[in-house]
Amino acid sequence: MKNKPFLLAANWKMNPLTIKEAERIARSLEQGIGGMKKKDFNQKIELVVCPPAVFLGCFLQGKYYKLGIQNIHWESRGAYTGETATRMAEDLGCKYVILGHSERRKYFGETDQIINLKLRGTLKGSLQPIVCVGETKDERDKNQTTKVIKSQLERIFDKVSILALPRITIAYEPVWAISTMEGANGADNPDDVMGIIILIRKVITEMFRSDVTERVRIIYGGSVNAKNVDNFLNLDILDGFLVGGASISTFDFLPIIRKVYESRQI
Ligand code: PGA
């Protein structure tokens with residue numbers, strides 16, 4: 001997907017613990033990028049910061065980043081204690097939403113069907129969804145990766161309008177590579193990641209029988225850091241990264257941003 005800037009989405013998860021710290025990180029990110037003096041930054045990179053939802057109202061969208069929310073409810077409003085509606089996130093300036101993260105599957109019982117509801121709910125508004133798919137270690141060890149990814153995509157994209165596809169990003173996040181040192185092994189094998197990216201595009205193209213699927217961004221997530229990022233940047237079919245742990249500290253994140261910037265041609 002060559003026409004859009006490279007997507008760098010920062011998933012802060014349940015960090016940091018105070019507004020002050022969240023604002024400090026956001027400010028130092030802006031300063032760090034400003035200091036790079038790259039006038040074409042926003043043409044090359046679309047940076048999205050996804051802080052904890054309760055902090056979203058505290059800092060405005062920056063010059064170099066947009067805001068995203070880590071989760072959303074599928075209904076537009078109503079009696080859903082503890083939940084956030086799409087419109088609320090939009091009102092706080094969000095442009096993106098992460099859907100179906102494996103931590104939501106693992107700890108909050110989200111299934112492909114729930115993720116499908118969330119995706120269809122989100123598409124009624126203006127947020128751009130980043131939909132996560134990926135196999136667990138057990139599924140990988142049993143050689144079920146292809147089957148698992150295919151069935152996740154088929155269920156999650158069920159009844160999704162073809163017209164919505166250009167708004168959607170798919171994040172391939174092998175569960176075994178998230179937040180672990182094993183991610184470094186995944187990074188040493190970019191061919192594996194490339195194979196899955198090709199598979200994802202093939203599956204959605206077959207589902208929708210249209211070239212419009214070329215406009216879906218496909219990104220990678222799973223322990224991306226400054227040391228292994230070069231391995232992935234060699235994969236020119238990759239449209240971005242979803243970065244967790246390394247995105248919460250500018251010390252770790254700015255070198256990734258710089259490397260991505262330098263690798264991009266416009
Ligand atoms: P990680 O997280 O970079 O810490 O592995 C990625 C994610 O969970 O989206």
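The values are calculated or read from the model by the stated rules, or taken from the named source; none is laboratory data. Just so you know, these numbers come straight off a predicted model, no measurement behind them. Backbone-built Cβ (ideal geometry, glycine too); neighbour counts: all protein chains shown. Areas reflect the complete protein model, heavy atoms only, side chains present, ligands, DNA and RNA absent. Shrake-Rupley method; radii C 1.70, N 1.55, O 1.52, S 1.80 Å.
Treating only the Cβ atoms of Lys and Arg (+1) and Asp and Glu (-1) as charged, compute the dipole magnitude of the chain about its Cα centre; round to the nearest 20 debye. Walk me through the numbers before you get to the answer.
Values: 38 positive and 31 negative charges, 154 e Å.
Its charge dipole is roughly 740 debye.
Lysine pairs in segment 1-62 with alpha-carbon atoms under 22 Å apart, 8 or more places apart or on different chains: how many are there? Please list the in-between numbers first.
Details: Lys2/Lys38; Lys2/Lys39; Lys2/Lys44; Lys4/Lys37; Lys4/Lys38; Lys4/Lys39; Lys4/Lys44.
Lysine pairs meeting both conditions in segment 1-62 amount to 7.
Going down the list Lys137/Lys202; Lys106/Lys259; Lys106/Lys150, which pairs span over 28 Å between their C-alpha atoms? Those over the limit are Lys106/Lys259. Of Ile178, Ile114, Ile156, Ile19, the order by accessible heavy-atom surface (1.4 Å probe, DNA, RNA and ligands excluded), from most exposed downward, is Ile19, Ile114, Ile178, Ile156. Here the dipole of segment 1-150 is about 520 debye; that uses its Cα centre as origin and unit charges on the Cβ of Lys and Arg (positive) and Asp and Glu (negative). Comparing Ile98, Ala246, Phe41 along the charge dipole axis of the chain, the residue lying farthest to the positive side is Phe41, per the Cβ-charge model.
GNM remark for the chain: springs join alpha carbons under 10 Å apart, and the peak mean-square fluctuation among Gly68, Gly100, Gly121 falls on Gly121. Other residues with beta-carbon under 15 Å from the beta-carbon of Val48 carry, at +1 per Lys or Arg and -1 per Asp or Glu, a net charge of +4. At a 1.4 Å probe, what is the % contribution of carbon and sulfur to the accessible area of segment 6-263? Taking all protein chains in place, segment 6-263 shows 52 percent carbon and sulfur surface.
When peptides 46-54, 245-253 are ranked by their average number of other Cβ atoms within 10 Å per residue, the highest-first order is 46-54, 245-253. Segment 217-252 and segment 123-154 have Cα centres spaced 18 Å apart.
Once you list every other residue whose beta carbon is under 10 Å from the beta carbon of Ile248, what net charge do they have if Lys and Arg are +1 and Asp and Glu are -1? Could the numbers behind the result be given before it?
On the way: positive: Lys13; negative: Glu21, Asp252.
Computed value for this residue: -1.
Net charge of the neighbourhood of Ser161, taken over other residues with C-beta under 13 Å away and scored Lys/Arg +1, Asp/Glu -1, is +3. Judged by the ratio a/c of the largest to the smallest principal axis of the C-alpha gyration tensor, the chain counts as rounded, that ratio being less than 1.5.
By a straight-distance test (C-alpha under 16 Å), which aspartates and glutamates pair with Lys118 as possible cross-link partners, with residues fewer than eight away in the same chain excluded? Filter leaves Glu75, Glu83, Glu90, Glu103, Glu110, Glu154, Asp158.
Under the rule a/c < 1.5 gives rounded, and otherwise a/b versus b/c splits prolate from oblate, where does segment 127-266 land using the Cα gyration tensor? Please list the in-between numbers first.
Details: a/c = 1.91, a/b = 1.33, b/c = 1.44.
Judged from the Cα gyration tensor, segment 127-266 comes out oblate (a/c at least 1.5, b/c at or above a/b).
Per residue of the chain, the DSSP helices (runs of n ≥ 4 H) give a summed -39500 (n - 2.57) that works out to -11500 deg cm²/dmol at 222 nm.
Among the chymotrypsin sites (Phe, Trp or Tyr not before Pro) found in segment 14-116, those both in a DSSP coil and sparsely packed, with 12 or fewer other Cβ atoms within 10 Å of their Cβ, are Tyr80.
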